[in-house]
Each structure stands twice: as structure tokens, then as C-alpha cells.
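Structure first, commentary second.
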Amino acid sequence: MTATSIWPIEMGGDQAKRRVAILISGRGSNMTALIEAAHAADFPAEIVLVVSNIADAAGLAKAAAAGIATATVASKPFGRDREAFERKLHETLVEHGIDLVCLAGFMRLLTPWFVSQWDGRMLNIHPALLPSYKGLHTHERALADGVKIHGATVHFVVPEMDSGPIIMQGAVAVLDDDTPDTLARRVLSVEHRIYPDALRLVASNATRIESGVCKSKANGSPDDMLIAPAVI
Ligand code: GRF
């Protein structure tokens, strides 16, 4: 990620809509949210490809049913050679003329080589308010810590896991009787809202990076506030 860039981030190509690939490993509910959002005529990106590293990922069938091209680039045969797997993946993305990559439950650690190929053009969604709770089991850890506000983050991908400039976050109140499952459900609803919105911003060149921080042309109100627990 370049430390500083100016409006707009250049993506290359002059097509009206950015060509987006979504990378998944599982059920693909965020993928579905992105596909549905991209149906809007004014959405600045089209989902042209869904790639999975797992051949029977449930999301692949959902993507195919939605009329999106799918591909499997199995990671297993490459064993520990992560870069060899990623070269194949990268080739697939290039073949499809991809401008932007959205990671959506893609359960692979990416090498600096792959990340550098998509610098400033690869987004990820993480089920926590970064930089808190990087990694797995975010809801369990948030509950164990007793935080009162939890949420989800869309960020640009950098070589360090779950780091990189934050594009958008959404929050929910944590309730005393929440379980990891009930909390995960509410956070997932937030994910399904913020991922399409964050992609809209990036694909319409409404984001820029200043000293590693993402700023955007989105509307924010200084009065926006979430207090939890609310005292009635
Ligand atoms: C989501 O919680 C996302 O934040 C995380 O992996 C999960 C994927 O869920 N990175 P889905 O496959 O999009 O339903």
C-alpha cells in the first residue's frame, strides 16, 4: 500500500464498472450480499467471478445459481508452497480481467507477493472492530472480555493479517445474554451492509490513503453515536 495517494486511486482500464472477483472458502453469505448489491444499476462494480480454494464450498453453487462465473483453484495440492498456489490464483484473476478482489471468508494466509500484486485493490471483511480481535474466534473473545460494543470491519489487505487501512466499520451492542452464535448473527447482518457499501466507495474512487489511513468521500455525522448498554 502506498503511503500517500491522491483522489482518485487509479484502477486501470476505462470500463464504467470495476470488474470484481470474490474469493471464498465457505458458505458465501457476504459474497451473496455483494452479488445482490451489484445488481443495482448505479453500483460501480460488477461481480464477474467467484473463486474458491475449496472445490465443494457451498458459496460456489450459490454464485453459479446467480449466473456468476466460478472457478476452483484448489490449495491442497500445493501443500506448503503458498506462493505456487497464489500464482495459479493470480493467473485466474488476470485471465478474467479483474480490477478488484474481495476476500469473503477466504481461509488462506496470503504471501507478501500476492498482496503486492493487488496492492490497494484487495478488500477483506473481518468480524470484529479492528484493530481489536484479529484472527479467529472473534465473538468468543469479545464476550470473554466483556466488551459492550462489537462489530465488523472492511479493510484493504496488507501482508500483516487483519491489518491494513480500514475502509468501513459497523457496530452492534453486545447484550448480557449473548452467546457467540447470537452475537455472530447480528455482526453478520452488519457485514452484509458494510461490505457492499465499502466496495461501492472503493469502486467509485471515493477512497484515498493518507499515511496508511483510509479516508473517504462517504457521509458521516459528528452526531452518530452508539451507547451500550443503554440506560433507560
Ligand atoms: C465472515 O464472518 C467474515 O467476516 C469472515 O468469514 C466469515 C465468512 O462468512 N472473514 P460468509 O462465508 O461470508 O458467510
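Structure values in brief
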{"read-out": "Among residues of the stretch 39-93, those that are part of a helix (DSSP H, G or I) and either of a type in the set (D, E, K, R) or under 20 Å from Ala198 (Cβ atoms) (or both), counted", "value": "11"}
{"read-out": "Per-region count, the stretch 170-213, residues touching a residue at least 12 places away in the same chain (Cβ under 8 Å), among the basic types (Lys, Arg) and open to solvent by 60 Å² or more (accessible area, probe 1.4 Å)", "value": "3"}
{"read-out": "Selected residue (only one of Leu93, Leu60, Leu34, Leu89 is under 16 Å from the mean Cα position of the chain (by Cα) and modelled with pLDDT of 95 or more)", "value": "Leu34"}
{"read-out": "Top-ranked residue in the stretch 53-107 [being of a type in the set (Asp, Glu) and closer than 18 Å to Arg19 by Cα; ranked as surrounded by the most Cβ atoms within 10 Å (Cβ to Cβ)]", "value": "Asp99"}
{"read-out": "Among (1) within 21 Å of Arg19 (Cα to Cα); (2) within 13 Å of the ligand (Cβ to nearest atom), the one test that Val187 misses", "value": "(1)"}
{"read-out": "Qualifying residue in the stretch 128-146 (condition: more than 30 Å from Val73 (Cβ to Cβ), among the hydroxyl-bearing types (Ser, Thr, Tyr) and not assigned by TED's automatic domain parsing to the domain that holds Gly59)", "value": "yes"}
{"read-out": "Where a residue in the stretch 40-64 is in contact (Cβ under 8 Å) with a residue 60 or more places away in the chain and its partner, wherever it lies, is away from the ligand (no atom under 16 Å from the Cβ) and part of a strand (DSSP E or B), with Cβ under 6 Å and at least six apart", "value": "Ala45/Arg18"}
{"read-out": "Scope the stretch 104-149; condition part of a strand (DSSP E or B) and more than 22 Å from Lys215 (Cα to Cα); matching residues", "value": "Ile149"}
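The values are calculated or read from the model by the stated rules, or taken from the named source; none is laboratory data. A quick note: this is a predicted structure, and the numbers were derived from the prediction, not measured. All Cβ positions, glycine included, derive from the backbone under ideal geometry; neighbour counts span all protein chains shown. We work out accessible area using only protein heavy atoms, side chains counted, and drop any ligands, DNA or RNA first. Shrake-Rupley method; radii C 1.70, N 1.55, O 1.52, S 1.80 Å.
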